[in-house]
Amino acid sequence: MGIAVVVAGMLLSLAACSTTGDRTAAKRPQPSTASRKPAPSQASFVPGTDVDIWGRLRSGFAMDIPDDPQIESELRWYVDHPLFLDNAWGRGSRYLFHILNEVERRGLPTELALLPVVESAFQPNAVSPSNAVGLWQFLPETGKDYGLQKTAWVDQRRDVIDSTRAALDYLSALGRQFNGDWALALAAYNGGPGYVSRMCETNRGNGRGIGFMDLPLRDETRCYVPKLMALRKLVEHPERYGITLPDIPNTPYFTTVDVEGPIRLDLLTAVETLGSDDIRALNAGFHRGSTPPGGPHRLLVPVGLAEQARSQLASMPREAVPLLPVSTDLPQRRVQWKRHKVQAGETLTGVASRYRISIAALREANGLHTGTLKNGQDLLIPLPYAADSRPGPRRGCDGERVVHRVAAGDSLWGIARRYQVDPRQISACNPGMNGNALAVGKTLYVFRPAEATAVADASRRETYTVRSGDTAWRIAQNLGVSLEQLQRWNGGLRTQALKPGDQLTVIRGGG
């Protein structure tokens, strides 16, 4: 759901509590036993025995949580900002079952399954200012160390399966390096194992303790671990804090379908009830919106829709494959691909001219970052068909677009009343709907006229309190808006520091 954030006064970055430490290898320290508790046995849980995901999480909690003012401060922040958690759990409902399965399979503390809330608020496309990417916020070099590939077509840091495997490999290694002290291991995930090891050695040399709470860590790492500890406390006893956790089924959300060749992901949204938000969120690793040439490639689709997706894929003509969305040429068209082998002396301009396509389209189709071609290099040439058969916009489906994820108890009439639109318009703009039936978790698009937006804003205002480590970029990411939107809504904000405690106005569903 889009959210408008209006900031009175200042904005932008504060470095503390960010997740962009060096994360480099280091000599193993000898930490204390603080936060060291046996991880749950891999055989101790049988998936499916709890009705929701929260019981599973609680059964595997293994970290000791000390009494610490910073943890209490972070806990109060979560309680005071239900919108942040609503958005995070809404996105995380797609991934949490898979992540928890992998955590349990390795015998790790199940608190680690909550770490993407702290890292990215469960946003697979989250990108930090230092270019940490994905649910688990991998820096390029660390991702490469743990087998995550980045090509012109694929960034595995954004892929839920690949990035989760790599993150848990890394966390497992850190757990071993720090002798099962998970507070230190998490500090190292944020600040780098080399940095945390040096702090341990410094304290040891000074005759001081070497537990997490003892170390003279920089603010960003000092705040990072308490955020996860506070989240664990909230999930463990939500009733103490007046929080209601959403119903997330203890069942798989997605399954895999193998595809061949370049398939534009948005063409699959014609499958009934298969929303484009699901396809994009589950397959964020295909960062150009299309699977690459060749194959097979692993495509993730919601459970129960695999056969429909396979049928949709089979109906696509094999002689024509869709082009990835190109921002500057050939948008939203079907194409046929031609391979071109570069000859000595050929230039990008010459090849583009020969096939009557733009240089930008040729660059984007091949992931070219420079204009230099090499003799013998293979290029993919997208050749468009004469006409685009995609339908135009439907009547009434214009104005401000609001993304609504169906929750338990939602009705078509209730949603229409909430957004002040006609229920028939919602049906018309969401062709995958089956009458008035709404599936929990389904994405609906609601288009509201400008006058409805203005009337509704006043009733949807909330207050967002800036906390240590917040930046404008992180606030925008966590609230589901772009930094550009944030700046536009606030008169072209400059990069001034936000201070903890600053009050920001948040408008639910704003555009």
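With the requirement that a residue be buried (at least 24 other Cβ atoms within 10 Å of the Cβ), among the aromatic types (Phe, Trp, Tyr) and either within 26 Å of Arg467 (Cα to Cα) or at pLDDT below 95 (or both), what does region 166-222 give you? Within region 166-222, Trp182, Tyr189, Phe212 qualify. The conditions of being over 30 Å from Tyr78 (Cα atoms), free of Cβ contacts under 8 Å to residues at least 60 places away in the same chain and not charged (D, E, K, R) are met by Thr202. Among the conditions (1) over 30 Å from Arg356 (Cα atoms); (2) at pLDDT 70 or above; (3) not basic (Lys, Arg); (4) not in a strand (DSSP E or B), His404 misses just one, which is (4).
Residues that are assigned to a loop (DSSP other than H, G, I, E, B), buried (at least 22 other Cβ atoms within 10 Å of the Cβ) and in contact (Cβ under 8 Å) with a residue 60 or more places away in the chain occur at least once in region 135-147.
For region 340-384, how many residues are in a helix (DSSP H, G or I), of a type in the set (Gly, Ala, Ser) and over 19 Å from His287 (Cα atoms)? Write out each step before concluding.
To start, the set of residues in region 340-384 that are in a helix (DSSP H, G or I) comprises 348-355, 359-366.
If we keep only those that are of a type in the set (Gly, Ala, Ser) too, we end up with 350, 352-353, 360-361, 365.
Checking the rest, the ones that are also over 19 Å from His287 (Cα atoms) come to 350, 352-353.
Of the residues in region 340-384, 3 are in a helix (DSSP H, G or I), of a type in the set (Gly, Ala, Ser) and over 19 Å from His287 (Cα atoms).
Total residues in region 54-97 satisfying the condition of being buried (at least 21 other Cβ atoms within 10 Å of the Cβ) and outside any helix (DSSP H, G or I): the figure is 4.
Has region 76-83 got at least one residue that is under 15 Å from Thr164 (Cβ atoms) and in the same structural domain as Lys150 (by TED's automatic domain parsing)? For region 76-83, residues under 15 Å from Thr164 (Cβ atoms) and in the same structural domain as Lys150 (by TED's automatic domain parsing): absent. Per the listing Thr221, Thr142, Thr202, the residue uniquely closer than 30 Å to Leu368 by Cβ and among the hydroxyl-bearing types (Ser, Thr, Tyr) is Thr142.
The values are calculated or read from the model by the stated rules, or taken from the named source; none is laboratory data. Predicted, not measured: the structure shown is a model, and the values here were computed from it. We place every Cβ from the backbone using ideal geometry, glycine too, and count neighbours over all the protein chains shown.
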